[in-house]
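Peer 1: Please find one structure pasted underneath; my questions will follow.
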Amino acid sequence: MTAWWILGIVVVILVLWFWRHQRMLANRAHLMQDAIHNRDFTFRLPTRHMFSGERALQEALNQLGEHVREQVNLGEVESWEKLTRVLTHEIMNATAPIASISQSMLNSPAVKGSDMEEGIQAIHNTVQHLNSFVDGYRKYSELQKPVPQDVDLASVINDVEQLFQNVTWHNNLVENVIIKTDPNLLRQILINLAKNAIEANARNIGITVLPGQGLEGRVKLYYSNDGDLIPADARSSIFIPFFTTKRKGNGIGLSLSRRLLTIQGGMMSLLDNPRDGFHTTFLLEFPR
């Protein structure tokens, strides 16, 4: 009887362990479903207490989330790129005759010195400003193709820091972090983020670099500032071309920076929880 009693206890323990293990797997599956439903592909679920096959599957799913996020970002950039290309073309076609006609009217003796001159001049100036703005965005849509090479990330960050000495930099950099990227485009991204922070009245900028883990681990750069808070209702729109929360902003800087990073296989996102001591943190991820 003793042997049967011990065997029964062992069976009960195994059944309870198996039931608990299955609940753990089910909970993780639900967490992944919720993340995907909310379009949050940053999930990385732990692989502890798993068998080798389950661990391999969970690691593959974690990597799949990263790949899906990368493709979503790339798709969004391409969609906005196509849309803005059409819009800029149509706007230029519509404003060109207005600019030409208003200029001709301003040169007319019948208009000069009349009550109409001021109004026509305002129309002409507005159209010229709009044409200049649209032309600038058109040029943005025709960026040069990146020429990736091995780049020391800390070196580029230090170069950018020298350009903006009117803010205090708080950098936590790891030496000899080498990424494959176009150094000119990377410098432009970091400059855009610094300008964006300064325009938001930031006095402090912080950069933390975490080297990637493993062969496919991405290098992560946290770019923080203590400028004005981004309104909650605007957070999901800050990477949309032309969208801006600033009175004098043109809505190009952040969308351009994200595009420059995306076309090189990287990603940029706005963190929900800024790093300690700052109001805003952007996460830039670079392929190794």
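The values are calculated or read from the model by the stated rules, or taken from the named source; none is laboratory data. It should be emphasised that the depicted structure is a prediction, and the values quoted were computed from it without experimental measurement. Methodologically, a virtual Cβ is constructed for each residue, glycine included, from the backbone with ideal geometry; neighbour enumeration extends over all protein chains shown. Ligands, DNA and RNA are excluded from the accessible area calculation, which covers all protein heavy atoms including side chains. Shrake-Rupley method; radii C 1.70, N 1.55, O 1.52, S 1.80 Å.
Peer 1: Tell me the strands (runs of 3 or more DSSP E) entirely within the range 91-189 that contain at least 3 residues that are in contact (Cβ under 8 Å) with a residue 24 or more places away in the chain and in contact with a Pro (Cβ under 8 Å, 6 or more places away or on another chain).
Peer 2: Answer list for the range 91-189: 178-181.
Peer 1: Something else: I'm checking my understanding of the structure. Among residues of the range 13-34 that are open to solvent by less than 80 Å² (accessible area, probe 1.4 Å) and in contact with a Leu (Cβ under 7 Å, 6 or more places away or on another chain), which one is farthest from Pro46 (Cα to Cα)?
Peer 2: If we take residues in the range 13-34 being open to solvent by less than 80 Å² (accessible area, probe 1.4 Å) and in contact with a Leu (Cβ under 7 Å, 6 or more places away or on another chain), then Met32 is farthest from Pro46 (Cα to Cα).
Peer 1: Can you say whether Ser141 is modelled with pLDDT under 80, of a type in the set (S, T, N, Q) and open to solvent by 70 Å² or more (accessible area, probe 1.4 Å), as far as the supplied structure shows?
Peer 2: The answer is no for Ser141.
Peer 1: From the list Arg247, Arg288, Arg259, pick out the single residue that is closer than 17 Å to Val156 by Cβ and either at pLDDT below 85 or in a loop (DSSP other than H, G, I, E, B) (or both).
Peer 2: Result: Arg288 is the single residue among Arg247, Arg288, Arg259 that is closer than 17 Å to Val156 by Cβ and either at pLDDT below 85 or in a loop (DSSP other than H, G, I, E, B) (or both).
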